[in-house]
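Shown next, in structure tokens, is the structure this report addresses.
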Amino acid sequence: MSDFSISEAQLVALFLEAAFWGMFVILFILCIQALLFKDSRLKPAFQIQWPLLVVACVMFAIGTLDIAVGLFHNIHAFVDTAASGKPDEQFQKISNWANVLKLANTLVQCLIGDGMLIYRCWIIFSYSWLVVSFSLVLFFAAAGCCISTLLFASTLQTQTTVNAGKLQPLITSFLACSIALNIITTGLIVYRIWSVDEVNRKMNFVPGWSSSDRPSRTPYNHSSSRLRKAMLIIVESGALYTGTSIITFVAYLSKSNSSYATSDVEVQMAGVAFSLIIIRAASSASDTSMPSGSHNLPLSVRSQPVQIMVRQDVHQSKADAEGQYKSFASTAE
């Protein structure tokens with residue numbers, strides 16, 4: 001897209017980001033409602049997931065800051081410096097604070113999501129550092145690329161774009177690490193849920209039934225189980241964000257100015273995916289009350305938690321109960 005100028009790219013980026021930011025605003029409000037309220041009543045302070053609330057607010061603040069800086073930058077290029085007739089020159093000042101800040105917004109937003117995803121995977125695998133070790137390597141590699149990119153961008157003092165020169169290989173390396181991290185870590189979480197779901201199926205265990213009202217032999221509906229629904233939420237949300245990241249990655253590799261638009265969308269999409277999965281998890285939890293004797297299984301895609309109730313039937317034989325407990329122990333909270 002050599003005929004796609006940077007000025008056109010910035011205008012398209014602002015339009016697309018505004019559309020996705022509007023979506024993010026609505027979902028953020030619903031996300032906060034899900035985190036703070038239950039049955040139209042404010043949750044007690046000890047029941048509120050404060051880390052998730054903080055992360056949600058930080059991601060929304062970054063998304064809002066990014067579109068505000070983009071609007072200011074466009075006004076400055078097309079209005080304040082209109083007399084020069086060269087808005088491209090304003091956008092190509094790579095060390096300009098607006099360009100550096102927007103680049104930082106994109107990279108930091110990705111790192112926050114990646115960090116939360118690793119944290120949730122670490123919890124669901126019973127605090128196993130070995131399981132998340134490779135994801136951590138990718139995370140620190142991405143963090144290194146992030147720091148190097150911002151240092152280069154703030155000191156180049158030249159007329160260039162973010163997808164050219166020294167910045168292009170650093171940004172593509174960052175995106176490659178982030179994409180690989182998301183695919184691997186999300187796959188680990190999905191595998192963990194699937195393995196628990198398989199145990200339920202083999203033991204003919206149906207989450208949600210109490211010992212008193214459950215038939216002696218309840219058929220296990222594998223396709224509609226809550227764990228299977230959780231896997232679908234995780235896969236869909238992961239695909240939503242990772243797909244955007246891959247498009248951005250390809251745009252940077254091709255050195256196209258369309259990378260400005262795709263990276264701006266990615267900032268908002270990270271928040272959209274984060275909020276959406278919390279909303280869906282809260283809706284799913286409200287549909288099915290938690291039976292007594294349940295365990296909570298915290299899961300996430302790009303830091304989004306899903307609470308899946310994994311229940312051990314207290315009326316099983318002692319041997320069966322002990323075996324099932326061992327299977328769930330490492331994922332129970």
Revision key, fill the gap. A student applying the Cα gyration tensor rule (rounded when a/c is under 1.5; otherwise prolate if a/b is larger than b/c, oblate if not) would label region 1-140 oblate
Point to revise | Rounded D (µm²/s) - region 2-72, Kirkwood Rh over Cα pairs, Stokes-Einstein at 37 °C, 0.692 mPa s | key: 232
Study note, to complete from the structure: The residues VAL54, VAL272, sorted from fewest to most surrounding Cβ atoms within 10 Å, come out as VAL54, VAL272
Practice item. Could you sort out which of LYS38/LYS102; LYS102/LYS255; LYS43/LYS102; LYS86/LYS255; LYS38/LYS229; LYS86/LYS166 sit more than 29 Å apart by Cα distance in this structure? Key: LYS38/LYS102; LYS43/LYS102
Check your understanding: Any idea how far apart PHE140 and LEU65 come out in nm if each label point goes 7 Å out from Cα toward Cβ?
Key -> 2.6
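If neighbour count is taken as other Cβ atoms inside 10 Å, put SER173, SER135, SER283 in order from fewest to most.
SER283, SER173, SER135
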Review point. What is the dipole size for region 15-156, taken about its Cα centre, with +1 at each Lys and Arg Cβ and -1 at each Asp and Glu Cβ, in debye to the nearest 20?
Key: 420
Point to revise | Simple label model, 7 Å out from Cα along Cβ direction - THR155 to CYS57, nm | key: 3.5
Exercise for review: Within 10 Å of each residue's Cβ, count the other Cβ atoms and sort TRP21, TRP97 from fewest upward.
Suggested key: TRP97, TRP21
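Coordinate-derived values only; no laboratory data. These numbers come from a predicted model, not from an experiment. For neighbour counting, all protein chains shown are included, and Cβ atoms are generated from backbone atoms with ideal geometry for every residue, glycine included.
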